Amino acid sequence: MSMNRVSFTAGRVSQFACEAGKAASFLWDTTTQGLGLKASAGGAKNYVLQSRFGSGATLRLTIGSTKTWTLSAAREEARRLQAMVDQGVDPRQEKRDRIAAAEAKREEEKRITASAMEAWQQYIEARKPRWSESHLADHATVSKEGGKSRTQGRRPGESDKTLPGILRPLLALPLKQIDADCVRAWLQVESASRPTHARLAFGLLRAFLNWCSDRPEYRDQVHAGACSTRLARDELPKKSTKDDCLQREQLAAWFAAVRQIGNPVIAAYLQTALLTGARREEVAGIRWEDADFTWRSLTIKDKVDGARTIPLTPYVASLLAGLPRRNQWVFSSPTAASGRLQEPRIMHNKALAAAGLPALSIHGLRRSFGTLAEWVECPAGVSAQIMGHKPSATAEKHYRVRPLDLLRMWHTKIECWILEQAAVPQPAEREPGTLRVVKSG
C-alpha cells in the first residue's frame, strides 16, 4: 500500500490508467485510509477499499465504478467500510446480507402483485388427490383461459371462440385485491346472466380463499370476509328446486323422438341416462371395460364414492352393444379432443322440440328415473342405490347390503315398465353368463 500513493483529485482519477503489459494497476489515496483506484487492462476503473480484517488477512472490497461514484462519495463509503472493519464487522458479509434482503423484498413484492391464478394452480395441485374427476373438471372450467376455437355447441350469433371461465377475471387479480367489494361486483354481473353457474363458482372461490388463509405464504393477502355467507345471500338469487321430469304419458313421445336422432351415440346416451338414473358425466365416462355383457353388470365412476356397480339391464345392454368401438369410451366421439361425447344437450333439445315436449335437462332424466321407479313400487333404497344416492337413514347405512342380483330384479322391472309405457320393443330376458347380446328390433 506504500506504492503509488497520491492525494486523489478528480483529474488524477481521470488520468490514471493501467500500465502496459499488466492486467490491473492500483493507485492509493493518501487522504482516506484504504481507499484505492483499480484500473484494468480493459479500461474499467473502480474505487476499492483495502484493509486488514480479523487475524490480519488482507481484505479488498470494490466500492464501485468511477463513472457512477464521485470522489467525495467514494471517500465517504471507504470511511464507512473501514469503520465496520474496526468494529469487527465483515463488510463482505454485510453486502451479501444487503443484497439478499433486497432480493427477498423483490420476491415478496412479486408474490404480492402476482395474480391469484398462481395460488389457484398450487391449490389444485395440493387438493386434487382428494377430489373426484368431476370436481376437478369444475375447477378447470371456471378458471379456463378461453379464446380457443369452438368445435361444437355454438349457438347462432355466438363467437367462434370459447369464453374465459367465470372466475378468470377474479383470478387475474392479485389475492390482496379480491375483497368483498370486488366479489360483490363480480356476483352482481354473473348472477344476472348465469345464477346457477355463479353459485357453483362462488363456492369454489370460497373454498380456495379458505385454503389460502391457512397457508403462511398467502394468509396475509386474503380478506377474511371476501366470500361471506351474507354476501352470497344478498347477491345470489334463492336456490330453486328443479322439477323437470318425464311423466308416464310422455315416455312414448320422448323415446320416439330420441330414437330418431341421427347420431346413434347420442341416442344411446340419452336412453342410457334415463334407464340407469346415472349422472350426466357418469354416463359419459363409461368405458368398454366397465360394461360386462357376460355377467350383466355396469361399473359407474361414482362422483361420491368413487365407483358403484349396477345391473346391465337387457335394453341398455342392447344399446351399448350396437355402438361403434372407436376407443376406450362407450359413448365415443371422433371429433372431441377427449375422444368421448361432450355435449348431448343440443340434440336432446331438438328431439324435445320435435316431440312437442317441455324443456328437460340431462339431469332431469336422472330425476325421471327416480320418479318413474315408484310406478313399479320399487323400494326407495333400491332405486337410490342404483342411482348412487347416499343412504338417508340409519337402516340404509348400516343394515342394507343388497347384492347385484336383487338390484337386477328391480332394475329390470323398472326398465320393462318404462319401455312398455313407451311402446318400445324389448330384448328377451337373459340369465347371467349369456355371451350374445340380442338387439331390439
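Would you say Glu103 is within 29 Å of Lys22 (Cβ to Cβ) and outside the structural domain of Arg215 (by TED's automatic domain parsing)? When the stated conditions are applied, Glu103 does not pass them.
Of the residues in segment 67-82, none is in a helix (DSSP H, G or I) and more than 22 Å from Val13 (Cβ to Cβ). Whether any residue in segment 261-268 is farther than 24 Å from Glu343 by Cβ and either assigned by TED's automatic domain parsing to the domain that holds Gly370 or of a type in the set (A, V, I, L, M) (or both) is what I want to check. No, segment 261-268 contains no residue that is farther than 24 Å from Glu343 by Cβ and either assigned by TED's automatic domain parsing to the domain that holds Gly370 or of a type in the set (A, V, I, L, M) (or both). For segment 85-119, a residue qualifies if it is within 16 Å of Leu49 (Cα to Cα) and within 53 Å of the chain's Cα centre (by Cα), and the qualifying residues are Val89, Asp90, Pro91, Arg92, Gln93, Glu94, Lys95. Pairing residues of segment 250-264 that are closer than 19 Å to Val316 by Cβ with residues that are modelled with pLDDT of 95 or more and aromatic (Phe, Trp, Tyr), at Cβ distances under 6 Å and at least 6 apart in sequence or on separate chains, gives no pairs at all.
Note on segment 222-262: residues that are more than 34 Å from the chain's Cα centre (by Cα), basic (Lys, Arg) and part of a loop (DSSP other than H, G, I, E, B) amount to 1. Select, from Thr313, Thr276, Thr272, Thr294, the only residue that is of a type in the set (S, T, N, Q), crowded, with 20+ Cβ neighbours inside 10 Å, in contact (Cβ under 8 Å) with a residue 40 or more places away in the chain and more than 22 Å from Gln342 (Cα to Cα). Of Thr313, Thr276, Thr272, Thr294, the one residue that is of a type in the set (S, T, N, Q), crowded, with 20+ Cβ neighbours inside 10 Å, in contact (Cβ under 8 Å) with a residue 40 or more places away in the chain and more than 22 Å from Gln342 (Cα to Cα) is Thr313. For segment 365-376, the candidate set comprises residues that are surrounded by fewer than 21 Cβ atoms within 10 Å (Cβ to Cβ) and touching a residue at least 24 places away in the same chain (Cβ under 8 Å); within that set, the residue that is farthest from Lys413 (Cα to Cα) is Arg367. Selection of segment 57-94 for residues being out of contact with any strand residue (DSSP E or B) (no Cβ under 9 Å at 6 or more places or on another chain), within 20 Å of Phe26 (Cβ to Cβ) and of a type in the set (Gly, Ala, Ser) yields only Ala57. Of the set (1) modelled with pLDDT under 90; (2) under 30 Å from Asp214 (Cβ atoms); (3) among the aromatic types (Phe, Trp, Tyr), all apply to Phe53 but (2). Checking segment 89-109 against the condition returns no match, with no residue being surrounded by fewer than 19 Cβ atoms within 10 Å (Cβ to Cβ), within 30 Å of Pro164 (Cβ to Cβ) and in contact (Cβ under 8 Å) with a residue 60 or more places away in the chain. I'm trying to understand the selection: among the residues of segment 170-181, which are touching a helix residue (DSSP H, G or I) at 6+ places or on another chain (Cβ under 7 Å) and within 15 Å of Gly225 (Cα to Cα)? Listed by number, the residues that qualify are Leu175, Lys176, Ile178, Ala180. Filter segment 25-56 for residues that are in a strand (DSSP E or B) and within 12 Å of Val85 (Cα to Cα) and give the result. Leu49, Gln50, Ser51, Arg52, Phe53 - these are the residues of segment 25-56 that are in a strand (DSSP E or B) and within 12 Å of Val85 (Cα to Cα).
For segment 406-441, a residue qualifies if it is closer than 18 Å to Ser297 by Cβ, at pLDDT 90 or above and of a type outside the set (S, T, N, Q), and the qualifying residues are Leu406, Leu407, Arg408, Met409, Trp410, His411, Lys413, Ile414, Glu415.
Taking each residue of segment 184-210 that is within 10 Å of Ile166 (Cα to Cα) and looking for partners that are of a type in the set (S, T, N, Q) and buried (at least 17 other Cβ atoms within 10 Å of the Cβ) with beta-carbon atoms closer than 6 Å, six or more apart or interchain, yields Ala198/Ser191. Criterion applied to Pro344, Pro379 was being buried (at least 17 other Cβ atoms within 10 Å of the Cβ), modelled with pLDDT of 90 or more and within 22 Å of Asp302 (Cα to Cα), and the one residue passing it is Pro344.
Residues in segment 263-285 that are polar (S, T, N, Q) and assigned to a helix (DSSP H, G or I): Gln271, Thr272, Thr276.
Do we find a residue being loosely packed, with under 11 Cβ neighbours inside 10 Å and within 60 Å of the chain's Cα centre (by Cα) anywhere in segment 4-24? Yes, that holds for at least one residue.
The values are calculated or read from the model by the stated rules, or taken from the named source; none is laboratory data. These numbers come from a predicted model, not from an experiment. Quick reminder, even Gly has a Cβ in these numbers, built from the backbone with ideal geometry, and neighbours come from all protein chains shown.
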